[in-house]
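Let me begin by presenting the structure, written as structure tokens, before commenting on it.
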Amino acid sequence: MNFPVSAEAARWLALPVGIIFGVLLHRGGVANYNVIVNQFRFKDFTVLKVMFTAIIVGGIGVLLLKSSGHAQYHIKPANMLGVVLGATLFGAGMVLYGYCPGTGVAAMATGSLHAIVGFVGMLAGGVLYALSFTWVEAHIQTVAAMGKVRLPDITGVPDWGWFVILAAIAAVVFWLIETRFRTPGGDLQT
Amino acid sequence: MKETNYSSKTIGGTDRAEAKARWNPYIVGIGIGVLSWIAFGVLDEPLGISTALSSASSVCALPVMGSEGVAHNAYWAKNPLKWNGGMLLLMGTFIGSLLSVLVSHSFRLEKVPATWQKQFGGSTAKRFVAAFLGGVIIMFGARMAGGCTSGHGISGSLQLALSSWTFFLTMFASGVVTALILFRKPATASK
């Protein structure tokens, strides 16, 4: 059972949640082309800091919500060929565009004109995918389709074990970033 | 309208007003994490952008395909454009960023970002072509993979989904290779 909010109210609550998301993307500095591209060049680690922290904080909270019966998982199916091909295109597109879909939308609001051009490109990409959807579903999404599996299912390491591992990796990575890889003109916050 | 001047108003290619508006990235990460508690616990809908965006793209196909054609497309029949949580989240992301920019006085028109300019020069046309192509590729990839940096990268990874961690690691590796090729030091001095 989710928290007692009517479906209609929950739907509209998505607007303020989105607004806070937009504020956080901008204030986090990730609605900035330079920050995103320089993550992939290992010159700025803002994206990694934001995402890794969000995954661990979010994951532990959602795990507690789920195990107390207040939330359910929404796992995307592991159609491995589709995920790998799609992610490969996504990574190349992200460096070329300089934004991902969410940060691109946030960047449009900051006055980035090339973010708007890329947004039109994203709409075109959406059309292109819709047109090739039937073929992709039949020929790509069926290859190595493992279903809605989670890492604990395939490894036997329980949920909390994964979060201990992830938190340990994050601690080491963040420590290395903050002590060894501080680049001038990279991460701007003091 | 202000002209972009990278030498006096920027640090490391980033506008000073925008830099001053920055919050600590760890705090921002915690904020997004807490937001995902609400997304799962109350909205029953993970944070994600690309599904709503690809539904919205059906509007662009309307003039060519007509409403019949769009309705009969297998993808849009499955993901029709409507005012659902995902669409409101998408709208909210834009509004939130706009509010944040206005409050912090960091709105600035940008045609060619500093990092791009350093490598490829100041041509607006060149940057716009790249941004457009990048947009096409990223969206096609997002839909094929079943999500983007939000839906897979954050919401999926925090659920420890195999698909999402595969996406995250593959996407990052592909981005690093692309950046290596795109931002390599010019072997021959070409302008």
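Numbers at a glance
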{"quantity": "Global form of the stretch B:41-153, assessed from the alpha-carbon gyration tensor, a/c cut-off 1.5", "calculated": "oblate"}
{"quantity": "Estimated D of chain B in µm² per second, where Rh is the Kirkwood radius over Cα pairs and Stokes-Einstein applies at 20 °C, 1.002 mPa s", "calculated": "109 µm²/s"}
{"quantity": "Cα→Cβ-extended label distance, 7 Å offset, between A:Ala145 and B:Val59, nm", "calculated": "3.2 nm"}
{"quantity": "Kyte-Doolittle mean at least -1.0 and Cα axial length at least 18 Å: DSSP H helices in chain A", "calculated": "A:7-27, A:46-67, A:80-97, A:113-139, A:159-179"}
{"quantity": "Summed side-chain charge close to B:Ala39 - residues other than B:Ala39 whose Cβ falls under 14 Å, Lys, Arg +1, Asp, Glu -1", "calculated": "0"}
{"quantity": "Charge-dipole axis of the protein assembly as shown as Lys and Arg at +1 and Asp and Glu at -1 on Cβ define it, positive-most pick from A:Gly58, A:Gln72, A:Gly28", "calculated": "A:Gly28"}
{"quantity": "Under 14 Å, Cβ to Cβ, from B:Ile154 - net charge with Lys/Arg +1 and Asp/Glu -1", "calculated": "+1"}
{"quantity": "Approximate spin-label separation A:Ser6-B:Val103, in nm, with each point projected 7 Å along Cα-to-Cβ", "calculated": "3.0 nm"}
{"quantity": "Gyration tensor verdict on the stretch B:12-92 (Cα atoms; rounded if a/c is under 1.5, prolate if a/b is larger than b/c, oblate otherwise)", "calculated": "oblate"}
{"quantity": "Most fluctuating residue given options A:Gly118, A:Gly126, A:Gly28, as computed from a GNM of chain A linking Cα atoms under 10 Å", "calculated": "A:Gly126"}
{"quantity": "Residues whose placed amide H lies under 5 Å from that of A:Ser112, excluding near-sequence neighbours", "calculated": "B:Glu110"}
{"quantity": "Ranked by how many other beta carbons lie within 10 Å on average, peptides A:58-69, A:86-97 from highest", "calculated": "A:86-97, A:58-69"}
{"quantity": "0 to 90° range, to nearest 10: angle between helix B:162-182 axis and chain B longest Cα axis", "calculated": "30 degrees"}
{"quantity": "Estimated 222 nm signal from helices in chain A, with DSSP H stretches of n ≥ 4 weighted -39500 (n - 2.57), rounded to 500", "calculated": "-23000 deg cm²/dmol"}
{"quantity": "Pairwise FRET efficiency - B:Leu180 versus A:Leu81, Cβ, R0 = 22 Å, nearest 0.05", "calculated": "0.35"}
{"quantity": "Amide proton proximity set for A:Ala145, modelled H, under 5 Å, gap of 5+", "calculated": "A:Met80"}
{"quantity": "Dipole magnitude (debye, nearest 20) for the protein assembly as shown, charges at Cβ of Lys, Arg, Asp, Glu", "calculated": "1100 debye"}
{"quantity": "Most positive-pole-ward Cα, A:Gly102, A:Val127, A:Ala115, against dipole of the stretch A:99-190 from beta carbon charges", "calculated": "A:Ala115"}
{"quantity": "Cβ-based net charge around B:Phe132, under 14 Å, with every Lys or Arg adding one and every Asp or Glu removing one", "calculated": "+3"}
{"quantity": "Under 12 Å from the A:Leu64 label point (7 Å along Cα→beta-carbon), backbone N, the stretch A:158-172", "calculated": "none"}
{"quantity": "Among B:Ala17, A:Ile140, B:Ala131 - extreme Cα towards positive end, dipole of the protein assembly as shown, charges at beta-carbon", "calculated": "B:Ala17"}
{"quantity": "Fraction of the pair-distance distribution of the stretch A:58-122 above 14 Å, Cα-Cα pairs, percent", "calculated": "68 percent"}
{"quantity": "FRET E, pair B:Val34, A:Ile154, Förster distance 30 Å, beta-carbon r, rounded to 0.05", "calculated": "0.55"}
{"quantity": "Set of aspartates and glutamates with alpha-carbon distance to B:Lys82 below 20 Å, sequence-local pairs under 8 removed", "calculated": "A:Glu8, B:Asp44, B:Glu45, B:Glu68"}
{"quantity": "Rg/Rh ratio calculated on Cα atoms of chain A (Kirkwood radius)", "calculated": "0.98"}
{"quantity": "D (Stokes-Einstein, µm²/s), Kirkwood Cα radius, the protein assembly as shown, 1.306 mPa s at 10 °C", "calculated": "76 µm²/s"}
{"quantity": "The stretch A:88-190 shape via C-alpha gyration tensor axes, a/c threshold 1.5", "calculated": "oblate"}
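No lab work stands behind these numbers, since they all come straight from the coordinates. Every value quoted in this text rests on a predicted model; they were computed, and no experiment measured them. Backbone-built Cβ (ideal geometry, glycine too); neighbour counts: all protein chains shown.
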